[in-house]
Amino acid sequence: MINLNRLDLNLLLTLDVLLREHNVTRAAQRLNLSQPSVSVQLARLREIFDDPLLLPGPRGMQPTMRADELREPLRLALEALERAVSPVNAFDPARASVTWRIAATDYTESAVLLPLLNTLRRDAPASRLAVFELNPGQIKRQAEQGDIDLFFHLREGAPASLHQRLLFTERYVLAGRVGHPAFKRRPSLKQFCQLEHVIVSPEGGGFQAATDDALAARGLTRNVVLSVPHFLFMLDVLARTDLVAVLPERLVANTGALQVVDPPLDLPGFDMLMLWHERLHRDPGHKWLRQQVLAVLGNAGRTNTP
């Protein structure tokens with residue numbers, strides 16, 4: 001068995017050229033080395049393979065049977081290594097057959113992925129998009145294991161080890177059905193608290209959110225009568241009942257069945273980030289995908305790295 005620790009790339013390159021040239025002088029010229037250096041390397045190769053490899057002959061050096069056996073496998077191995085370390089080919093979205101795996105909430109599906117779909121279908125028609133439900137507690141593990149390529153997550157709780165890109169800063173609005181009697185003018189804080197509210201509780205069953213914390217700081221409470229796990233059902237509820245909701249503005253943009261007003265109290269918004277692992281940071285295809293996300297959101301800022 002050949003001990004690979006005794007071989008280095010220079011020795012293999014020298015052997016490949018020697019097997020092509022059958023001449024130490026010509027091999028040295030092709031390798032841009034001195035003839036004595038190539039002779040020393042040939043001596044090391046003979047020792048490692050326990051074979052003369054090249055023997056003096058009437059028309060230059062003649063390969064041994066062992067050298068003939070090495071010629072083709074060595075050439076193929078060096079060609080494969082050259083391909084592996086060559087610059088990565090440019091990504092051609094029009095021809096790429098790739099599946100991107102993205103983790104998102106139903107909110108970011110609406111606010112980010114929905115605007116992106118037409119671009120992907122038009123510019124990368126052979127690509128596929130697999131959308132997974134975002135599990136905040138699993139983001140780091142899924143990124144490290146390669147289960148998910150791209151995540152959309154709030155700045156709060158985003159793993160610091162991943163690359164981060166700010167997509168937008170979101171604000172909250174108060175939404176209800178078109179023609180809702182409470183929306184003839186902006187509700188007062190007292191009226192706001194008296195309205196019947198629906199909230200999204202991702203874990204299920206919760207009746208308190210950030211709005212309630214802001215009210216509690218003023219010694220106030222609101223009337224939350226419905227808790228749902230997803231925004232999609234909430235939007236239907238708002239369109240068909242007199243319930244109202246405080247929700248992200250992008251979720252109700254261009255929604256004809258709903259009208260919005262500013263809440264009667266200051267509510268902090270949130271930063272939405274795009275997250276990805278270092279293993280994909282320089283991949284041309286994933287760089288293209290991230291650029292498309294930024295383009296459809298009209299965002300051209302800088303990337304924050306770990």
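Values for this structure:
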quantity	calculated
The chain, accessible area per residue, ligands and nucleic acids excluded (1.4 Å, Å²)	57
Formal net charge of residues neighbouring PRO93 (Cβ-Cβ distance under 15 Å; K, R +1; D, E -1)	+3
Within region 167-248, percent of DSSP bridges classed antiparallel, to nearest 5	40
Percent of C-alpha pairs per 5 Å bin, region 62-105, short to long	5, 15, 12, 11, 13, 11, 9, 7, 6, 5, 3, 1, 1, 0
Inverse mean reciprocal Cα-Cα distance (Kirkwood Rh) of region 1-140, Å	19.7
Region 91-217, relative contact order [Cα under 8 Å, separation at least 6], %	23
Tensor-based shape of region 119-183 (alpha-carbon gyration tensor, a/c under 1.5 rounded, otherwise prolate or oblate)	oblate
Convex hull per residue volume in Å³, alpha carbons only, for region 120-235	179
Lysines whose Cα lies under 24 Å from that of LYS287, excluding same-chain neighbours fewer than 8 positions away	LYS140
Karplus-derived 3J(HN,Hα), 6.51/-1.76/1.60, for each residue of region 238-253, Hz, glycine and proline x	5, 6, 10, 9, 9, 6, 10, 8, 9, 8, x, 4, 5, 5, 10, 5
Heavy-atom accessible surface of the chain: percent carbon and sulfur, 1.4 Å	51
In Hz, Karplus ³J(HN,Hα) per residue of region 29-40 (6.51, -1.76, 1.60; θ = phi - 60°; x = Gly, Pro)	5, 5, 8, 6, 10, 7, 4, x, 5, 5, 5, 5
Using θ = phi - 60° and Karplus 6.51 cos²θ - 1.76 cosθ + 1.60, couplings along region 167-177 (whole Hz; Gly, Pro as x)	8, 6, 10, 9, 10, 9, 10, 9, 10, x, 5
Within a Gaussian network of the chain (alpha carbon springs, distance under 10 Å), most fluctuating of LEU215, LEU12, LEU232	LEU12
Mean residue ellipticity (222 nm) of the chain, computed from DSSP H runs ≥ 4 via -39,500 (n - 2.57), nearest 500	-11000 deg cm²/dmol
(i) 148; (ii) 117; (iii) 188, with the label sought being that of the calculated volume of the Cα convex hull per residue in Å³	(iii)
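The values are calculated or read from the model by the stated rules, or taken from the named source; none is laboratory data. Note that the coordinates shown come from a computational prediction; the quantities given were computed from them, not determined experimentally. As a convention, Cβ positions derive from the backbone with ideal geometry for all residues, glycine included, and neighbour counts pool all protein chains shown. Heads up: the accessible areas ignore ligands, DNA and RNA and are worked out on the full protein's heavy atoms, side chains in. Shrake-Rupley method; radii C 1.70, N 1.55, O 1.52, S 1.80 Å.
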